[in-house]
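Notes to accompany the following structure.
The values are calculated or read from the model by the stated rules, or taken from the named source; none is laboratory data. Every value quoted in this text rests on a predicted model; they were computed, and no experiment measured them. Don't worry about glycine lacking a Cβ; one is built from the backbone with ideal geometry, like all the others, and counts go over all protein chains shown.
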Amino acid sequence: MTAKMLSFDPTKCTGCKECEIACSKKHAGFNDPVFSRIHVISEGNGSGFYLPTTCQHCEDPPCLSICPNKAIYRDNDLNRVMIRTNLCIGCRMCVSACPFGAMGFNPDSGLAFKCDLCDGDPACVRACEPKALDYVEGHRLHQPRMLDSANKHYRILRKMIM
């Protein structure tokens, strides 16, 4: 079995932000998108394009390499990047280093926070009614696109034969 990953399909996302609500309730105990580990971004021009964004649990995470106190580490069991809050000094270097804007900072606690994949059962995935989010094994991540491509190729070949 390979490690699981969050998968996003922006063509299914409606911008309802239920994933943000579920995440903030799970981690902060109340509904405040500021404390959500996932954020739905849009073009803002009314196009209807929405993109859920969160930590990508990078292979070589900039947040991990820049942390001066070694508070950020890779959990190989769930293939995720985590924060040891007892070591976090609140310097926000990780927030600046993340190319995805996925690190958050809680001014009340003085600690950085990020997606922890809800220990293998992401609340955002469970809350996503249109199924724009999924938690899949890494090798299955591109399977739907590959199948779609194969079907298109098959239809073209079939027209050529007939």
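Summary of computed values
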item: Residue that is of a type in the set (A, V, I, L, M, F, W, C), touching a Gly at 6+ places or on another chain (Cβ under 8 Å) and closer than 24 Å to Pro99 by Cβ, where the choices are Phe49, Phe8, Phe35; result: Phe35
item: Which numbered condition Phe30 misses (of (1) part of a loop (DSSP other than H, G, I, E, B); (2) surrounded by 13 or more Cβ atoms within 10 Å (Cβ to Cβ)); result: (2)
item: Top-ranked residue of region 126-135 - restricted to ones that are in contact with a helix residue (DSSP H, G or I) (Cβ under 8 Å, 6 or more places away or on another chain) and not small (Gly, Ala, Ser), ranked as surrounded by the fewest Cβ atoms within 10 Å (Cβ to Cβ); result: Glu129
item: Unique match (being touching a residue at least 12 places away in the same chain (Cβ under 8 Å) and either closer than 15 Å to Pro130 by Cβ or charged (D, E, K, R) (or both)) among Asp60, Asp75, Asp32, Asp9; result: Asp9
item: Region 56-83: number of residues that are surrounded by 15 or more Cβ atoms within 10 Å (Cβ to Cβ) and polar (S, T, N, Q); result: 2
item: Subset of region 37-55 [assigned to a loop (DSSP other than H, G, I, E, B) and either loosely packed, with under 15 Cβ neighbours inside 10 Å or without any contact (Cβ under 8 Å) to a residue 60 or more places away in the chain (or both)]; result: Glu43, Gly44, Asn45, Gly46, Ser47, Gly48, Phe49
item: Entirely in region 69-162, the helices (runs of 4 or more DSSP H) that have 2 or more residues that are at pLDDT 95 or above and either of a type in the set (Ser, Thr, Tyr) or in contact with a strand residue (DSSP E or B) (Cβ under 9 Å, 6 or more places away or on another chain) (or both); result: 93-97, 123-127
item: Given (1) modelled with pLDDT under 95; (2) out of contact with any helix residue (DSSP H, G or I) (no Cβ under 6 Å at 6 or more places or on another chain), index of the condition Met5 fails; result: (2)
item: Candidate set from region 5-63 (those that are more than 14 Å from the chain's Cα centre (by Cα) and among the β-branched types (Val, Ile, Thr)); member that is farthest from Asn79 (Cα to Cα); result: Thr14
